[in-house]
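The values are calculated or read from the model by the stated rules, or taken from the named source; none is laboratory data. Being a predicted model, the structure only gives us computed values, none of them experimental. Cβ placement follows ideal geometry from the backbone for every residue including glycine, while neighbour counts extend to all protein chains displayed. Heads up: the accessible areas ignore ligands, DNA and RNA and are worked out on the full protein's heavy atoms, side chains in. Shrake-Rupley method; radii C 1.70, N 1.55, O 1.52, S 1.80 Å.
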Amino acid sequence: MFSNLQNAIAFFDGLKPYLKSRIMGQDHVIDAISEKLRYWFLSINAPDRPTVFFFLGSTGTGKTEVVRELVKYLFNDPEKLLRIDMSEFGNTAGSDVGRKLLGSSPGEPGRLYEFLEKCHEGAILYDEFEKANPEIAKYMLQQIDAGRVTLWNNKTYDISRFLLFFTSNIGAEIFQGNKHLSMERKVSAAIQRLNDQFGMPEFVARFGKFNYGIFAFNSLTPEILRKITRKFIDDKLKFFQTVREQAKGGFFSPPNLIVTQYSDDVVEYALQQTNTTKNGAREIRDIVDRMLNAVYNQALTENSLGEDITGRIEINDKGFMVVRR
C-alpha cells in the first residue's frame, strides 16, 4: 500500500488528528487507542491474535463513532467494518448463541459468514455487549485467544490481523455521576458488573489494563455538547450544498441550499430540544437532522423555481429557524 516506511508512518500519524477532528471530548481515549493501534499497524503486536479494545461509557459519548471513523481512515472502505448489535443475542437461548453467531447451514449462515468470506482484514464491532446472552462470552474468548474462527461450513478463518471492538453502556450512572471517584475506580466498578453478568472474569481479563485494552469515555460537558451540535450543523449544511449532485433517484432534482452563516442562537435552539444531556450526541444528531430538514423544506417551499438557494439561518420571534436570503 505504501511505497516506503516513511510514507506509512506519515499516514498513520494522521489518524490521531483526524479522530480528534471528528470526535469531541474524548482526546484521552484517542491518544490511548492510537498508541495501541500503532503496534497493530507496524505488525509488532502478538502475531497470532487479533487486537482487541473494550470501550466503556455512557450512551452517546462516541464509542461506536470512534470505531466507524478509524475504520474509515485506516481502510477507506466502510465494508471493512462489521457491526453486530448485541441486543440481537439478548433473547437467544444459550444453546442457540453459537448457531446465531457462527451459523449452522447455508440457509442460516450466522452473523460472521458473509463478512469473513469477503474481508481478509478489517474490524468487527460487538456493540452494546452487555445486552447479549452471557453464553456469548465463551465464543468471544475463542476468537481472542485463537485468532481464528470456524463457521458452519467447517472452514476456519484467520482473524489475527483483525481489530475487535467491544462497547458497553454498563454502569452508565457510574460514569455520569460520582465525581469524587477517579476514572480508574469507575472502570473497576463497571468491570465488576461485567464479570458478575457474564461469569467469566478471564474474558474481560483478555483486554488487559485500563487505558491499554479497556478505555473509558467521558460524559459530555455542556461546552462539548455545543461543539458537537455545531459540528452536526456544519456537516448537514455541507451536505445541503451538494444535495443536487448527491441525490440518487427520487422524483426530481433538488436544489442546493447554500447557507453562508448561522448564529449561536441556532446552536442553543437545537440544544434546548433535548430531553436530557445524558443521551449525549446521539439525540442531538437526530434533533439537528430533523430541524435542518425542516429549514430546507421551508426554503424549498418559498422558492419553487428549482434554483440553488442561498442565505443564512436565523431564529425568528416565534423561536423557529428560518432561512433569510
Quiz item: With (1) open to solvent by 30 Å² or more (accessible area, probe 1.4 Å); (2) under 21 Å from residue 198 (Cβ atoms); (3) not in a helix (DSSP H, G or I) as the list, and residue 52 as the residue in question, which single condition is left unmet?
Solution: (1)
Quiz item: Is it true that residue 156 is of a type in the set (Val, Ile, Thr) and open to solvent by 70 Å² or more (accessible area, probe 1.4 Å)?
Solution: yes
Exercise. Can you confirm whether the range 71-84 contains a residue that is closer than 21 Å to residue 18 by Cα, modelled with pLDDT under 95, among the acidic types (Asp, Glu) and within 18 Å of the chain's Cα centre (by Cα)?
Key: yes
Practice problem: State whether one or more residues within the range 93-111 are of a type in the set (Ser, Thr, Tyr), in contact (Cβ under 8 Å) with a residue 24 or more places away in the chain and within 26 Å of residue 284 (Cα to Cα). | Solution: no
Quiz item: Taking the condition within 23 Å of the chain's Cα centre (by Cα), free of Cβ contacts under 8 Å to residues at least 24 places away in the same chain and open to solvent by 30 Å² or more (accessible area, probe 1.4 Å), does residue 121 pass?
Solution: no
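One line per residue, one yes/no per condition, for (1) free of Cβ contacts under 8 Å to residues at least 24 places away in the same chain; (2) surrounded by 13 or more Cβ atoms within 10 Å (Cβ to Cβ):
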site	(1), (2)
225	no, yes
231	no, yes
246	yes, no
254	no, yes
257	no, yes
261	no, no
264	yes, no
Exercise. Report whether or not residue 63 is within 17 Å of residue 124 (Cα to Cα), within 13 Å of the chain's Cα centre (by Cα), at pLDDT 90 or above and surrounded by fewer than 18 Cβ atoms within 10 Å (Cβ to Cβ).
Key: no
Exercise. Please enumerate the residues belonging to the range 18-59 that are free of Cβ contacts under 8 Å to residues at least 24 places away in the same chain and under 17 Å from the mean Cα position of the chain (by Cα).
Key: 20, 21, 27, 31, 34
Self-check item: Residues being among the aromatic types (Phe, Trp, Tyr) and at pLDDT below 80 - total across the range 248-291
Solution: 2
Quiz prompt | Positions within the range 201-217 being out of contact with any strand residue (DSSP E or B) (no Cβ under 9 Å at 6 or more places or on another chain), within 26 Å of residue 280 (Cα to Cα) and either among the small types (Gly, Ala, Ser) or surrounded by 18 or more Cβ atoms within 10 Å (Cβ to Cβ) (or both), in sequence order | solution = 211
Quiz item: Which residues, taken from the range 1-31, are within 23 Å of residue 160 (Cα to Cα) and crowded, with 19+ Cβ neighbours inside 10 Å?
Solution: 15, 30
Exercise. Please tell me if residue 77 is touching a Ser or Thr at 6+ places or on another chain (Cβ under 6 Å), over 30 Å from residue 173 (Cα atoms) and open to solvent by 10 Å² or more (accessible area, probe 1.4 Å).
Key: no
Quiz item: What residue, of 270, 299, 247, is within 28 Å of the chain's Cα centre (by Cα) and farther than 30 Å from residue 169 by Cβ?
Solution: 247
Quiz item: Just a yes or no: is a residue in the range 22-36 within 22 Å of residue 116 (Cα to Cα) and not in a loop (DSSP other than H, G, I, E, B)?
Solution: no
